[in-house]
Amino acid sequence: MKRFLSAAAFFGGLVILWQLLYDAHIWSPVLVPSPVSVADYLRGAAADGTLGQATLITMRRLLIGYVIGIIFGLPLGLLTARWNILRDTVGTMSLGLQTLPSVCWVPLALLWFGQTEAAMLFVVVMGTLWSVVIATDTGVRNVPPIFRRAALTMGSKNMHLWLKVILPAALPFIVSGMKQGWAFAWRSLMAAEIFVTILTGFGLGQLLHFGREQQAMEQVIGIMVIIVVIGLLADKIFFSPIEQFLHRRWGTGASQ
Amino acid sequence: MYITHVIPWHSRATSSAKEELEVITPSKLAIESVSKSFKTATGTVQALDRVSLKVSEGEFVCLVGASGCGKSTLLNIIAGLEKPDSGLVMANGKPVTSPGRERLVMFQEAALFPWLDVLGNVLFGLRLKPGLRDKDRLDVAKYYLELVGLTRFEHSNIHELSGGMKQRVALARALAPNPRVLLMDEPFAALDALTREQLYGDIQRIWKARNKTIVFVTHNVREAACLGDRVLLFSPHPGRIQEEFTIELPRPRDINSVDLAGYASRIMRSLKGFTKAEGEVAE
């Protein structure tokens, strides 16, 4: 509760500071709108459904692409960790593609798939996939050999060994890879939505882009706030609990 | 005071869990002319040279030697974790080709799985054992946690346990699937003296109560004399069994007893003898 109050006070302070700067008329109100007008925009966009619609479209792209990325990335990472031949080939390729900023996939995706949902999914998958592959590979290779030996003597082998021993033992690495993949996917999706009008649906990035075209600064800032909030929620609702579970079990990091 | 009886079984246990706990399946081991060498940066090391050894049902055998004499390699071969270059290991009349739960290993590190709690770790091997219901598995796991005195910690995380408690959990985990043979690779080496002494008591009690066959590797001569029916002395380069001592002391044995010290110093003398001889060869 105390932590919540201090956070609330901090953000409240920020908004007040913003309002004071606006009242000081240092900059043109076109460039720096008041927090009230941003709130008004958000309220209006929420009321007429554009905001909900755009958020839904963006989140759908992100989640579907992200899940596909993990579904392919995890087994691929396990395979590259298991066979050195795959590590030298697929693993090296993954490492190379992971260093490629995922927004670089946008031109290719547009040429291949056109201004469609498939192009957006492709960009998100590419943002997620390689990070998950690399993290899974690293995680599996860092599993202490003694775990494997102990499991073998207890009769674990093949699929059981991989699913019940090696995969959970690699979990701290895999989760940090998933988090990185999420960050890459989220950034590249936003970039794609801002720069290209996707005909199959307007996402948050498009709203941001239209805000600029109409010189509607309250829309630009309002959408940016929404994007920040989504990022925060993803961390607090999805990743934080997993990370805290890992810290508690492994005894790593500072528990809160 | 030494306790010889097993902790009484609860009335809540199902009949098949009782049955599982009452099945006592001792085994004998036969190691026939096993050799094993390793390639290292400086050349080939003959870890084991035609080692033969018989362990009878319910026997407690200790393998003693300086580090690097091949005793752990022999244990790994008996476990099926490593393959010998030549020779054969028979467990209960069948050749050993792979690891299996009838020969469970306890390592120097507890090697407990950090993603599971204490109970989850003890259940791990049991879950792989067919023919049991989950309720039975739970009963059996709880029984062994009680046996090692850790019932209160069944939902603790592994990192919250002390070194001695971790080894106790590892012992419960190794015992839970009711293996015929227990292979122990310096399981107490990293523990403090007081905890070790408690565990010497525990292991003798459990060995007797559950009628296990135990092969125990150690470099601690006193520990070997305290635990073993027989103590086999290994010499390094190449690894061979050099000498055999039969310890004829009543059980339970106290590690600090005078008679035990006598055995220990005899074993120590022999150990020093051929370690010195080895030094002379090197010069």
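Bear in mind these aren't lab numbers, they're just calculated from the coordinates by the rules spelled out. None of the values given here were measured: they were computed from a predicted structure. Cβ atoms come from the backbone with ideal geometry, glycine included; neighbour counts cover every protein chain shown.
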Considering the options A:Thr252, A:Pro144, A:Ser176, tell which one lies farthest towards the positive end of the dipole of the protein assembly as shown, charges being +1 on Lys and Arg and -1 on Asp and Glu at the Cβ, about the Cα centre. A:Pro144
Charges only on Cβ, +1 for Lys and Arg, -1 for Asp and Glu: so what's the dipole of segment B:177-283 about the Cα centre, in debye to the nearest 20? 420
What does the charge add up to near B:Phe38, with Lys and Arg as +1, Asp and Glu as -1, over the other residues with Cβ less than 13 Å from its Cβ? 0
PRE zone check, label point 7 Å out along Cα-to-Cβ of B:Phe38, amide N under 16 Å, scope segment B:178-199, hits B:185-186
Relative contact order computed over chain B (Cα-Cα under 8 Å; 6+ residues apart), in percent: 26
For peptide B:103-115, how many partner chain Cβ atoms fall within 10 Å of a residue's Cβ, on average? 5
Which of the residue pairs A:Lys2/A:Lys236; B:Lys28/B:Lys208; B:Lys71/B:Lys212; B:Lys129/B:Lys212; B:Lys83/B:Lys166 have a Cα-Cα distance greater than 22 Å in the structure shown? B:Lys83/B:Lys166
Under the definition of partner shielding as Cβ atoms of other protein chains within 10 Å of a residue Cβ, what is the mean value for peptide B:127-134? 2
Which distance in nm do the two modelled labels at A:Ile85 and A:Leu233 give, with both placed 7 Å along the Cα-to-Cβ direction? 4.8
Order A:187-194, A:77-84 from most to least packed using the mean count of other Cβ atoms within 10 Å. A:187-194, A:77-84
What's the angle, to the nearest 10 degrees (0 to 90), between helix B:134-147's Cα axis and the longest principal axis of chain B? 60
Rank A:Gly12, A:His160, A:Val30 by how far each Cα sits towards the positive end of the charge dipole of the protein assembly as shown (+1 on Lys, Arg Cβ; -1 on Asp, Glu Cβ) and give me just the farthest. A:His160
Let me spell out the model: positive unit charges on the Cβ of Lys and Arg, negative unit charges on the Cβ of Asp and Glu, origin at the Cα centre of the protein assembly as shown. What dipole size does that give, in debye rounded to 20? 1060
By the DSSP-based rule, helices of chain A that are at least 20 Å long along the axis (C-alpha) and have a mean Kyte score of at least 0.5 are A:2-23, A:50-82, A:117-141, A:171-195, A:217-233
With chain B treated as a Gaussian network of Cα nodes joined by springs under 10 Å, which of B:Ala261, B:Ala79, B:Ala225 yields the largest mean-square fluctuation? B:Ala261
Taking the Cα centre of segment A:182-256 as the origin and placing charges on Cβ (Lys, Arg +1; Asp, Glu -1), which of A:Leu199, A:Gln219, A:Ser188 is farthest toward the positive end of the dipole? A:Ser188
Span from the segment B:206-272 Cα centroid across to the segment A:99-151 one, whole angstrom: 56
Expected unfolding gain across A:Asp48-A:Leu100 under the 0.36 nm per residue rule, minus the alpha-carbon gap, is 14.8 nm
Normalised convex hull volume, chain A, alpha-carbon set, Å³ per residue: 160
Where both partners of a DSSP beta bridge lie in chain B, what percent of those bridges are antiparallel, to the nearest 5? 55
Using a Förster distance of 25 angstrom, determine the FRET efficiency expected from the C-beta separation of A:Ser240 and A:Val15, and round it to 0.05. 0.55
Calculate how steeply helix B:118-127 sits against the longest principal axis of the alpha-carbon atoms of chain B, using the helix alpha-carbon long axis, and give the answer as 0 to 90 degrees to the nearest 10. 80
D (µm²/s, integer) via Stokes-Einstein for the protein assembly as shown, Kirkwood Rh across alpha-carbon pairs, 10 °C, 1.306 mPa s: value 57
Under the rule of -39500 (n - 2.57) per DSSP H run of 4 or more residues, summed and divided by the residues of chain B, what mean residue ellipticity at 222 nm is obtained, to the nearest 500 deg cm²/dmol? -11500 deg cm²/dmol
Anchor B:Lys39: aspartates and glutamates whose Cα lies under 20 Å away (excluding residues fewer than 8 positions away in-chain): B:Asp49, B:Glu82, B:Asp85
Pairing the Cα long axis of helix B:258-282 with the longest principal axis of chain B, what angle in degrees results, from 0 to 90 and rounded to the nearest 10? 50
Quick one: dipole size for chain B, taken about the Cα centre, charges +1 on Lys/Arg Cβ and -1 on Asp/Glu Cβ, in debye to the nearest 20. 520
